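These notes concern the structure reproduced below.
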Amino acid sequence: MSVFTSDELDYLTTQGLARMATVGRDGRPHIIPVTYTYNADEDSIDVGGIAFGEGKKWRDAKHNPKVTMLIDDVIPSPRRARALEVRGDAE
């Protein structure tokens, strides 16, 4: 059984871009767009990117694993925003 509802799973699997927020060693937030896929076997969100293991987000998450992912988009007519916020621990 997933921690996500069926509506959340539908949304997660139809999007591919998110924003990942981490906290740096200086205590300041850092947010950056990332690509992701939903991993049904682990019921997790797998984050990727070019040279992912060399970036600030990776260093931040290793230091403080508390992260937030925001998956969002805009529906054009009538214009409105949708979003799913996922808070968790990076592994």
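Treat each spin label as a single point 7 Å out from the Cα along the C-beta direction, and report the Thr37 to Ser6 distance in nm.
Using points 7 Å along Cα→Cβ, the separation is 2.5 nm.
Once both labels are modelled 7 Å past Cα along the beta-carbon direction, what's the Leu17-Ser44 spacing in nm?
Taking the simple label geometry, Leu17 and Ser44 are separated by 2.6 nm.
How high is the relative contact order of the chain, given as a whole-number percent (alpha carbon pairs under 8 Å, six or more residues apart)?
26 percent
If you take the beta carbon distance between Asp26 and Ala83 as r and set R0 to 35 Å, what does 1/(1 + (r/R0)^6) give as a FRET efficiency, to the nearest 0.05?
According to the calculation, E is roughly 0.80.
Have a look at Tyr38, Ser6, Gly16 and report the one farthest towards the positive end of the charge dipole of the chain, computed about the Cα centre with Cβ charges (Lys/Arg +1, Asp/Glu -1).
So the residue furthest toward the plus end is Gly16.
Check Val34: other-chain or 5+ apart residues with amide H under 5 Å from its amide H, H built from backbone geometry?
Ala18, Arg19, Met20
List, in order, the whole-Hz ³J(HN,Hα) value for each residue of segment 30-47 obtained from phi through the Karplus relation with A = 6.51, B = -1.76, C = 1.60 and θ = phi - 60°; use x for Gly and Pro.
Per residue, the Karplus-derived 3J(HN,Hα) values read 9, 10, 8, x, 9, 8, 7, 9, 8, 9, 5, 4, 9, 6, 9, 10, 9, 9 Hz.
Can you give the Rg to Rh ratio of the chain, both from alpha-carbon atoms, with Rh computed by the Kirkwood formula?
0.99
With n ≥ 4 as the cut-off for DSSP H runs, can you work out [θ] at 222 nm for the chain, using -39500 (n - 2.57) per run divided by the number of residues, rounded to the nearest 500?
Counting only the DSSP helices, I get -5000 deg cm²/dmol.
Each reported figure results from applying straightforward, stated rules to the coordinates on display, with no laboratory input. All values derive from a computational prediction rather than experimental measurement. In this analysis, Cβ positions are derived from the backbone assuming ideal geometry, glycine residues included, and neighbour counts consider all displayed protein chains.
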